[in-house]
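Encoded as structure tokens, the structure appears first; notes follow it.
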Amino acid sequence: MHATLACTSHVQRRDAFRGEPWRFTSQPLPHCLLPSLELRQNCSLNEEEKMADRFFPNTMPDFVAETATAVEEEEATVAQGSEDSLMKLLSMPYATLSERLKRAALDVKESLVIETWGLPGQRVEDYTLYTGTLGTAFLLFKSYQVTNNKNDLHLCSEIVKACDSASSYSRDVTFICGRAGICALGAVVAKHTGNDQLLNYYLNQFKEIKLPKDIPNELLYGRAGFLWACLYLNKHVGEGTIPSTYIGTVVNEIMKEGRTLGVKRRCPLMFEWYGEKSWGAAHGLVGIMHVLMHLKLIPDEVEDVKGTLKYMIKNRFPSGNYPSSEEDSKRDVLVHWCHGAPGMTLALVKAAELFGDKEFLEAAVDAAEVVWNCGLLRRVGICHGISGNAYVFLSLYRLTGHAEFLYRAKAFACFLLDRAHTLMSSGHMHGGDNPYSLFEGTGGMAYLFLDMIEPTSAGFPAYEL
């Protein structure tokens with residue numbers, strides 16, 4: 001028997017958000033199948049089952065008002081992981097919940113430090129932000145920003161130094177998976193510690209990074225990932241730290257390659273990753289567009305970015321979700337930051353903010369509805385897990401100020417706070433192939449919890465500036 005999912009079509013849900021000022025609507029949501037009936041005609045039963053197997057049914061209410069009595073009730077004997085315990089968290093005053101999330105995040109942070117760093121001076125095997133020790137440093141820096149704990153800042157600096165040594169011969173050049181991330185984070189941390197000598201060292205190391213001629217254009221290993229590191233330095237060290245002229249030469253290469261392939265695909269820009277025309281945030285179109293929208297582009301480049309995003313909107317699934325690639329345009333199963341609606345939503349929010357185009361905002365709301373219904377994944381991380389999907393709602397909340405989006409981010413965070421440990425212990429949730437990492441494991445969950453404390457300044461790590 002195939003799984004049926006209680007969902008809302010993206011067109012139906014979008015209508016509830018039209019008009020200004022934005023208001024929360026409590027109207028009942030209609031039931032339908034996801035994938036939609038049109039998509040089901042093109043899908044095998046096995047594909048539908050695969051999609052249902054990827055996420056927990058979202059039975060949380062569309063909105064729960066905060067109540068002062070929730071704290072007293074939560075302190076009564078309520079079994080953690082029960083419907084009652086989750087509802088108590090959802091109705092808890094935000095300030096109280098923030099403190100609980102902070103305590104949980106700091107506990108996870110301490111565990112990650114022990115598991116990934118241990119004794120000072122140990123050898124770093126994986127220096128990347130994605131699955132390695134630099135992710136621990138990035139979490140420590142976030143913890144310092146929230147708590148002003150100088151011990152976290154100094155430990156972060158020590159870990160970055162070890163990652164620098166471990167990566168000295170690396171040819172990987174991006175923020176998430178290469179030398180650029182180590183040098184950029186190292187420089188920013190050195191600025192915060194007041195160590196000018198170390199700051200100059202990391203900046204000089206960064207400027208020695210050479211982009212290979214055959215480098216791809218995507219975020220994790222390509223030009224876009226290097227550009228993100230440049231943006232990070234210019235924001236946190238000082239505008240012009242990496243000159244706009246140099247950034248412009250990298251942008252030119254991206255645009256040239258994207259246009260060459262785009263002509264053949266009826267899309268202004270298109271890129272390949274290992275022979276596949278990927279759409280996802282990690283390796284494809286949306287990740288590249290997202291980075292480009294943070295840069296100063298000339299008018300024809302702006303139009304190409306806008307046209308590419310509109311091409312993707314036009315060719316999305318009837319469900320409101322997005323294909324992982326041009327070649328995979330009929331398999332509607334992935335609702336991850338790396339592939340699918342979550343990563344696309346973040347880019348659409350940026351486009352709505354930058355261009356003021358209602359089409360982008362409406363498409364972002366459509367995609368966020370997919371995430372609400374099918375994004376409570378059976379994984380914990382930010383790349384392809386619940387933690388990353390929560391940032392969809394935080395991004396929309398920052399843009400619109402709409403309380404429902406903050407509630408939905410809170411709901412995903414509360415689900416993790418209440419149930420992640422139990423679900424991972426019982427094998428019902430995957431802790432990640434690298435369970436202590438930032439992008440695949442509980443490091444991303446801790447980062448989300450810290451971001452929930454000040455949601456107006458929250459941002460998907462190493463993706464939103």
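The values are calculated or read from the model by the stated rules, or taken from the named source; none is laboratory data. If you're wondering where the values come from, they're calculated on a predicted model, not measured in any experiment. Note that each Cβ is placed from the backbone with ideal geometry, even for glycine, and that neighbours are counted across all protein chains shown. Each accessible area value is taken on the protein alone, full model and side chains, heavy atoms only, with ligands, DNA and RNA left out. Shrake-Rupley method; radii C 1.70, N 1.55, O 1.52, S 1.80 Å.
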Seminar exercise, completed: Full extension between residue 83 and residue 211 adds, at 0.36 nm per residue less the Cα distance, a length in nm of 40.9 nm
Exercise. So what's the gap between the Cα centers of region 250-296 and region 347-367, to the nearest angstrom?
Worked result: 19
Exercise. Taking 0.36 nm per intervening residue step and subtracting the Cα-Cα distance, what contour gain separates residue 200 from residue 465 on full extension?
Worked result: 93.1 nm
Exercise. What order, most packed first, do the peptides 288-295, 339-346 have when packing is the mean number of other Cβ atoms within 10 Å of each residue?
Worked result: 339-346, 288-295
For this session: Work out from phi, with θ = phi - 60° and the Karplus expression 6.51 cos²θ - 1.76 cosθ + 1.60, the ³J(HN,Hα) of each residue of region 415-430, listed in order in whole Hz, and give x for Gly and Pro.
Result: 4, 5, 4, 7, 10, 4, 4, 5, 5, 5, 5, 8, x, 8, 9, 7
Seminar exercise, completed: Of all trypsin sites (Lys or Arg not before Pro) in region 175-241, the ones in DSSP coil with at most 10 other Cβ atoms within 10 Å are 210, 213
Seminar exercise, completed: For region 78-186, listing chymotrypsin sites (Phe, Trp or Tyr not before Pro) in a DSSP loop whose Cβ sees at most 14 other Cβ atoms within 10 Å gives 169
Exercise. Ignoring ligands, DNA and RNA, what percent of the 1.4 Å accessible area of region 106-163 is carbon and sulfur?
Worked result: 47
Problem set entry | ³J(HN,Hα) computed for each position of region 307-320 - Karplus, 6.51 cos²θ - 1.76 cosθ + 1.60, integer Hz, glycine/proline x | x, 5, 5, 5, 4, 5, 4, 4, 9, 6, 6, x, 6, x
For this session: Collect residues whose amide H, placed 1.01 Å from N in the peptide plane, falls under 5 Å from the amide H of residue 325; neighbours closer than 5 in sequence don't count.
Result: 279
For this session: Measure up 256/296; 314/358; 256/358; 102/350; 256/350 against 20 Å on the Cα-Cα distance and list the ones that go over.
Result: 256/358; 102/350; 256/350
Exercise. Residues with amide H under 5 Å of residue 377's amide H, sequence separation 5 or more or different chain, H placed in the peptide plane at 1.01 Å from N; which?
Worked result: 56, 386
Problem set entry | Charge dipole (debye, nearest 20) of region 78-148; +1 at Cβ of Lys and Arg, -1 at Cβ of Asp and Glu | 240
For this session: Pop the C-beta distance of residue 428 and residue 110 into the FRET formula with R0 = 22 Å and round what comes out to the nearest 0.05.
Result: 0.30
For this session: Could I have the simple spin-label model distance between residue 239 and residue 256, label points 7 Å from Cα toward Cβ, reported in nm to one decimal?
Result: 2.9
Exercise. Where the convex hull is taken over the Cα atoms of region 237-335, what is its projected area averaged over directions, in nm²?
Worked result: 7.3
Seminar exercise, completed: Computed over region 202-355, protein heavy atoms only, probe 1.4 angstrom, the accessible area per residue in square angstrom equals 40
Seminar exercise, completed: Between the modelled labels at residue 169 and residue 103 (7 Å from Cα along Cα→Cβ) the distance in nm is 4.9
For this session: Quick one: which residues, 5+ away or cross-chain, put their amide H under 5 Å from the amide H of residue 127? H built at 1.01 Å from N.
Result: 133
Problem set entry | Sites residue 66 and residue 399, calculated FRET efficiency, Cβ-Cβ separation with R0 22 Å, nearest 0.05 | 0.50
Exercise. Please report, for the Cα atoms of region 356-465, the Rg to one decimal and the Dmax as a whole number; what are they, in angstrom?
Worked result: 13.6, 46
For this session: Could you work out how far the C-alpha centroid of region 425-439 sits from that of region 82-136, in angstrom?
Result: 13
Exercise. Once phi is turned into θ = phi - 60°, what whole-Hz ³J(HN,Hα) does the Karplus curve with 6.51, -1.76 and 1.60 give for every residue of region 294-305, x standing for Gly and Pro?
Worked result: 8, 10, 7, 10, 7, x, 5, 5, 4, 5, 5, 5
